[in-house]
Structures are given as C-alpha cells and as structure tokens.
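Heads up, the thing below is written out as structure tokens.
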Amino acid sequence: MNDNKKLIIQALVVLICLGFILESFAFGSRNTGKNMEAGAETQELTGVAVQNMTIIDYRPYLYTDGLLNESTRAELLAMEGVEEIIDDGAARSIISLSESRKVPEIYSYLKRKNVSSYTLATLAMPAYFGMTLANGSNVNVVGTRFEYMAEPVSPVGGKMLMRLVIQARGEAPIGISGISPLLSSVELETDARISESSGKTFYYSVPWESRDISIAKLEQEFGAGNVDYTRNDNIIFSSPLTTQEMLGKKYDYVETITEMGITAKDGFTDRQRVIADFGEGVEFMNSTLVVHSIADPGLDFPAEEKYVYTVEIPEKLGGYSFYVNSAEVVATGERNGTIPVKITANVLGNTVVEITGVEEKEG
C-alpha cells in the first residue's frame, strides 16, 4: 500500500474514532430548472424527505465492528483484491482493497461470518423530489450527491431507501442532516428444497372448562420450546350489564367484571353455574394450545395438524442477498423434495436484514 493511501485510511479512522458521522456535502453545479430573477429573495426551509438514493460509488476500504480473528484475516488476505488489513487499536479492523468494485463482495463474505462492515458511499438523490415541512405542506427541491458511512448493502447503481432532513434555499439544498437508512418489506416466492422434516405442529382449541391443564407436564414431555399455551378465562355476555347488575353479580368465582363480560378465577370450571347466574346467551372463550412434536401428543381436544419442514434459503433471490441458510415452514400436509414458499423479509438496499415469515404458497 502506498503512503498516500495509508494517510487516507488513517484520516478516515480518526474521523470514525471521534464519532464523526459524515454529513457534509460537496454540492456541485446544479440547475434548479427555473430562472430566478436577479436579487429575488429566496426563503430558507427545512423539511424531511424519504427517497430512494442511488449508490454512485464506494471507497475501497471496509471498517469492521471489532477486530477480525486470525482465521478470517488469513482468508481475506488470500482473496483477490484485498491489499492489507490494519487494526485500529482494539476497536476495529480496516480492510484496504485494490478497487471499490470489490467492496460488495468482501462485505458479503464478512456478513456470512456475522461480521458487520462499513464504508464511505457516494449517494445521489433523485433529480427533483419533494420534502415535507413541519406544517405538513410539501415543497420540491433539486437533488445532489452526498457521502455517508454505511453498510454496502447494494452494488454500485443500486438503491437505498433513506430518510433525510434537508435545509434548502429556494429549490437548492444547502445542508442535510439526520440521515438514516430505512428498511422496507418485500415478498419473494420460490420453490425451496426441503432439507429435513421438523415434525408436526398440533393446534388445539381447549374448551373453557378444561383450561386448567398442566403446562409444566406438557413441557416436561415435549420440551419448553415446543409448547405454547394462551389461556383464556373470559366469558362474554350477549348483551351488556347495567352498573347495578355488575355490582350485584360480583360472585365469588368472578375475578373481574365489566358490562360486556367476566374473567373467571383459576380453578373455576362450572359452566352451568355461570349460565344460571348470567343467562343462556353467554359465550365461553376457548384457550389455544400449540404443541410441536414428532408423534401425536394424544390430547383429548379438537386439533388441527400441520407439518413443519426446514427448507434451504438461497443466497440470492429476486435480486436480494440472504445471509441465513435455512428457515422453517409450516405445511398443511406431507411434502417431499421441494415446497413452494412465500418469504416475507425486511430489506435494506439489496440485503435481507431479517426474514419475518416463511409460509407455504397456496395453489
């Protein structure tokens, strides 16, 4: 690495160590699209914009959270385009690359090792867009370029949804602050290969009078992580009670009472007593029990049975990069080979930050 490049890295490291978030901007020449009369006064306004920014370039460096371990360091130095790795005290490692186009590739390698990394990105706003003022009105401003320290979540030319606070004079931005990348939600479909069966999930509707079941016993048999119980002690009236009726019907088994229903105390299961006290129109609320098991738990409650499979998640799907290899999906029947799934995910740029759901695609 030449001396000039080392000086640049060291200067950027100093900025990071000082907690400097780069929000200074090199405004080049720009055309507002409208001719302003000489001497005309232009009002300064501040507003908020949420826009997709285009990634113009990355600097050929990556900064990691914490120091790299020796095995990762050795693997990186053997990769094409990695020139040098510098440790900044005990806080981070700085990876110098031969060219900026290698940044997304090295970022992706680190991400799969659960190492977060950042670089300085040059971003471009749309040519002309709107921002919202504090009073709720909208004004249009012209776009410009700016630099921001970010994860390289998209290739050069890709988009990143961001929120910015913009100060403008007329249509021309004169300052930007409060920059924050925003997640967006996407739905992706694929035929996922089944890697293993994880057993079955049994969904039980537990009658009100049977709600005092031993969850501890079920957890002992099937495992605490395989039992989920939502107890419901409520009884709903067909018509509301008056205030006088609520005062007069606070029986010994009533935990709470409102004009629309009661909550019964633990251990009380006498349906006929409730009907005698509150009438035939009451509705007893069932509880929900979910048990994950290889074999049928054999409980005497109505159940819906579903199969659970672990499926492989591809590295790339629909232009987005995934950094998890597998996920669980619930199916209504027995499946083999592949299963059509719909994946719901939160994304930043072209990177999947979180899978929020995987379900079998109907049809």
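Between a first residue in segment 337-363 that is in the same structural domain as Phe322 (by TED's automatic domain parsing) and a second residue that is of a type in the set (Asp, Glu) and outside any strand (DSSP E or B), which pairs have beta carbons less than 8 Å apart while being 6 or more apart in sequence or on different chains?
If the second residue must be of a type in the set (Asp, Glu) and outside any strand (DSSP E or B), the pairs left are Leu348/Glu151; Thr351/Glu151.
Cβ contacts < 7 Å: first residue more than 30 Å from Ser93 (Cβ to Cβ) and without any contact (Cβ under 8 Å) to a residue 40 or more places away in the chain, restricted to segment 116-137; second residue assigned to a strand (DSSP E or B) and not charged (D, E, K, R), any location; separation 6+ or different chain. Result?
Ala127/Val142
Between a residue in segment 78-97 that is assigned by TED's automatic domain parsing to the domain that holds Asp65 and any residue that is aromatic (Phe, Trp, Tyr) and surrounded by fewer than 20 Cβ atoms within 10 Å (Cβ to Cβ), which pairs come within a Cβ distance under 8 Å, given they are 6 or more apart or on different chains?
Sorted first by the residue in segment 78-97, then by its partner, the pairs are Met79/Tyr109.
How many of the residues in segment 292-322 are touching a Leu at 6+ places or on another chain (Cβ under 8 Å), of a type in the set (Gly, Ala, Ser) and in a strand (DSSP E or B)? Don't jump to the end; show me each part of the working.
Just the residues of segment 292-322 that are touching a Leu at 6+ places or on another chain (Cβ under 8 Å), to begin with: 297, 299, 301, 317-318, 320.
With the extra rule that they be of a type in the set (Gly, Ala, Ser), the set shrinks to 318.
Within this subset, residues satisfying the condition of being in a strand (DSSP E or B) are none.
Residues flagged as touching a Leu at 6+ places or on another chain (Cβ under 8 Å), of a type in the set (Gly, Ala, Ser) and in a strand (DSSP E or B) within segment 292-322 amount to 0.
Can you say whether Glu147 is acidic (Asp, Glu) and under 30 Å from Gly170 (Cβ atoms), as far as the supplied structure shows? Working first, answer last.
Values: acidic (Asp, Glu): yes; under 30 Å from Gly170 (Cβ atoms): yes.
For Glu147, the condition - acidic (Asp, Glu) and under 30 Å from Gly170 (Cβ atoms) - is met.
Looking at Phe322, is it under 29 Å from Leu110 (Cα atoms), touching a Pro at 6+ places or on another chain (Cβ under 8 Å) and not hydroxyl-bearing (Ser, Thr, Tyr)? Let's see the steps before the verdict.
Working: under 29 Å from Leu110 (Cα atoms): yes; touching a Pro at 6+ places or on another chain (Cβ under 8 Å): yes; not hydroxyl-bearing (Ser, Thr, Tyr): yes.
Yes, satisfied.
Results for (1) surrounded by 15 or more Cβ atoms within 10 Å (Cβ to Cβ); (2) in contact with a Phe, Trp or Tyr (Cβ under 7 Å, 6 or more places away or on another chain), shown as yes or no for each residue.
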| residue | (1), (2) |
| --- | --- |
| Ile294 | no, no |
| Leu299 | yes, yes |
| Glu304 | no, yes |
| Val311 | yes, no |
| Gly318 | yes, no |
| Ala327 | yes, no |
| Asn336 | no, no |
| Val341 | yes, no |
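Output the residue which, of all residues in segment 185-208 that are surrounded by 14 or more Cβ atoms within 10 Å (Cβ to Cβ) and either of a type in the set (S, T, N, Q) or touching a helix residue (DSSP H, G or I) at 6+ places or on another chain (Cβ under 6 Å) (or both), is nearest to Thr332 (Cα to Cα).
It comes out as Thr201.
The values are calculated or read from the model by the stated rules, or taken from the named source; none is laboratory data. Predicted, not measured: the structure shown is a model, and the values here were computed from it. Glycine gets a Cβ as well: all are built from the backbone with ideal geometry, and neighbour counts include every protein chain shown.
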